[in-house]
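**Q** The structure follows.
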Amino acid sequence: MTEFTYRLAQKRNIVTALPGPRSVELAARRKGAVAAGVGSSVPVYAADADGGVIVDIDGNSLIDLGSGIAVTGVGASNAAVAAAVAEQAAHFTHTCFMVTPYEGYVAVAERLNAMTPGDHEKRTVLFNSGAEAVENAIKVARLATGKTAVVAFDHAYHGRTNLTMALTAKSMPYKSNFGPFAPEIYRMPTSYPFRDAAGLTGEQAAKTVITQIEKQIGADTVAAVIIEPIQGEGGFVVPAAGFLPTLVDWCKANNVVFIADEVQTGFARTGAWFASDDEGIVPDIITMAKGIAGGMPLAAITGRADLLDSVHAGGLGGTYGGNPVACAAALATLDTMVELDLPARAREIEAIVKPRLQALADETGVIGDVRGRGAMLAIELVTPGTTDPDAAITKAVAAEAFKQGVVLLTCGTHGNVVRLLPPLVISDELLDEALTVIEQAVRTLSA
C-alpha cells in the first residue's frame, strides 16, 4: 500500500465509557441550543481527527469508517489541505466570485473539466453543497431542453432542499411532513440485483424503465434523468451491468439530459475518479461535492459546454459558491489524491474488505448481500434464509461497533444496510482491526 504520514497515532484507544463525561456534558448543552431535528450517528464529540481515527473530547480514539459520509477521503486534517486553507485565508476569505472573481475558482473548474468523463468541451459551476449542485443541474437541463419533467429512481437520495426532497425516494426522515414538494418529478424502478427477479439483466431493467417513461410521461416532456451510479443512502445499490449505458443511450436519442449524481461516489471513492468511469458512461452533467475539498464546503456541476453555456448571465451562482478558501482546499485535495494514487488505494481497500465480508456472510447467514466498489462497500442484513430486511440487527451491529470504538454508518431504504466508507488513507492495520470488531459484532448478534 501507499505510505502515508499521520499526525495522530493511528490506533483505537478507549479510555472512558462511551460517551465520556465531557461528551455527556456537551450533549446537555446541545439539547438547549441545537434544534432537535439535527441528529448525530454517535453520541461523542470530536476534538481531533487524522488519517483513520477520530479523537473525542474525552480522549477516546475511535476508528473512522464513515469519513464524514465520504468527505474526508484524504483524511480529516490532511497537511496539504490545511496549509492551503491557511495560506488562502491569510489573503482573503471571500469576495464573491460574482462580484470580484479570483483564480482559484477558475483553476478548480479547469481541473474538473479535465478529470470528469468524456473528452468533449465542458463547463463547470461551483456551489456549496450536493443538494445545491443537484438543483442547479436540473435548472440547466430544463432551460437547455425547454422541457420540465425529471425522472428519478427508487432508493434515490439527492438532498434535503424542496426539489431534492422530491427527487429523494425515502420518506422518513428526509421527506415526512415537509411537503408539498416541487412538481414534475417522476419515479421509476431501478436495478437492484439483490432484490430483482432472478436472471434480470441490467439492459432488461433499463428497458422496463424506458417503456414506463414513454408510456407514463412521454420522452418529449422529459428534461432530465438523474441517478446515482451507485446509490448511497438508498443502500449502496450497484446496478446490474448494462443498466446505466442503456439509459444513457436512450437519453441521447431523445434530447434528455443524463445527470450522474456523483456526490458520494466521486473523487476516487469507488476505485476510479468517478463511478461513471467504471460503468463506461459519459454523463451530460455530473454533480459533485463531499470528497472534493477535504472537508471544506464545496460542490460543483460539470457538463457539456452547450448545456451550461445556454444559461443567461446571472442565472447560475450564489454568494458563497466557489468560496476561495474552499477552492484552495479542493486544489490541494485533488493534488494529494493524484500524488497518493487514491483510486488505486480504494481498490486495495476493496480487496482487503470484500473477501472478509463475504466470508462473514457465508458463516452467519444474516448477510444477504455484500456489495459495493472500492472504498464504498456494504452488507445488507436480512432474516436468515430470506431477503426480509432486518433493520433491528443492523442498528445493533452499528451500536456494538461504536461501543468497541468503531464509527460505523447504516443506510438503506429499509434501514438494513451497514455501509463502510473509510478514509482512503486509513492504514491496513487499522482497517483490519475495524473489520475484526464488525465480525465479532455480527457473530454475536446473529448467534
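Values quoted throughout were computed directly from the atomic coordinates according to the rules given, and no laboratory measurement underlies them. Just so it is clear, the model here is predicted, and its values are computed rather than measured. Virtual Cβ from ideal backbone geometry, glycine too; neighbours counted across all protein chains shown.
**Q** Which one, 283, 209, 338, projects farthest toward the positive side of the charge dipole computed for segment 81-340 from Cβ point charges (K/R +1, D/E -1)?
**A** 209
**Q** With springs only between Cα atoms under 10 Å apart, run a GNM on the chain and tell me which of 123, 356, 195 wobbles the most.
**A** So, out of 123, 356, 195, the one fluctuating most is 195.
**Q** So for the pair residue 351, residue 119, with labels modelled 7 Å out along Cα→Cβ, what separation do we get in nm?
**A** Placing both labels 7 Å along Cα→Cβ, they lie 2.9 nm apart.
**Q** Something else about it: Wrap a convex hull around the Cα atoms of segment 81-340, take a quarter of its surface area, and give that in square nanometres.
**A** Orientation-averaged projected area of the Cα hull: 14.1 nm².
**Q** Can you give the charge dipole size of segment 81-340 about its Cα centre, rounded to the nearest 20 debye, using +1 on the beta carbon of Lys and Arg and -1 on the beta carbon of Asp and Glu?
**A** Taking the Cα centre of segment 81-340 as origin, the dipole is about 720 debye.
**Q** Starting from the Cα-Cα distance between residue 249 and residue 335, subtract it from 0.36 nm times their residue separation and give me the gain in nm to one decimal.
**A** Taking residue 249 through residue 335 to full extension adds about 27.6 nm, to one decimal.
**Q** Which of 353, 238, 42 moves the most in a Gaussian network model of the chain with Cα springs under 10 Å?
**A** 42
**Q** Then there's this: In nm, to one decimal, how far is the residue 99 label point from the residue 187 one, both placed 7 Å along Cα→Cβ?
**A** The modelled label-to-label distance comes out at 4.2 nm.
**Q** Report the local net charge at residue 316: Lys and Arg +1, Asp and Glu -1, summed over other residues whose C-beta lies under 14 Å from its C-beta.
**A** With Lys, Arg at +1 and Asp, Glu at -1, the neighbours total 0.
**Q** Then there's this: For every other residue with a beta carbon closer than 11 angstrom to the beta carbon of residue 375, add +1 if it is Lys or Arg and -1 if Asp or Glu, then tell me the sum.
**A** +4
**Q** Which residue fluctuates the most in the chain, going by a Gaussian network model with Cα springs under 10 Å, if the choices are 383, 265, 164?
**A** Sorting by GNM fluctuation, first place goes to 383.
**Q** Straight-line reach only, C-alpha to C-alpha below 28 angstrom: list the lysines that residue 139 could link to, leaving out same-chain residues fewer than 8 apart.
**A** Qualifying lysines at Cα under 28 Å: 122, 147, 170, 175, 207, 215, 252, 290.
**Q** Also: Specify the inter-centroid distance of segment 318-348 and segment 267-301, based on alpha-carbon positions, in whole Å.
**A** Value for the Cα centre distance between the two parts: 11 Å.
**Q** Mind sorting 327, 96 by how few other Cβ atoms lie within 10 Å of their own Cβ, fewest first?
**A** 96, 327
**Q** Around residue 327, with a cut-off of 15 angstrom between Cβ atoms, what is the net charge of the other residues, counting Lys and Arg +1 and Asp and Glu -1?
**A** Cβ neighbours under 15 Å give a net charge of -3.
**Q** Once both labels are modelled 7 Å past Cα along the beta-carbon direction, what's the residue 221-residue 392 spacing in nm?
**A** Spacing of the two 7 Å Cα→Cβ label points: 4.5 nm.
**Q** Could you compute the FRET efficiency for residue 312 and residue 204, with r as their C-beta to C-beta distance and R0 at 60 Å, rounded to 0.05?
**A** 0.90
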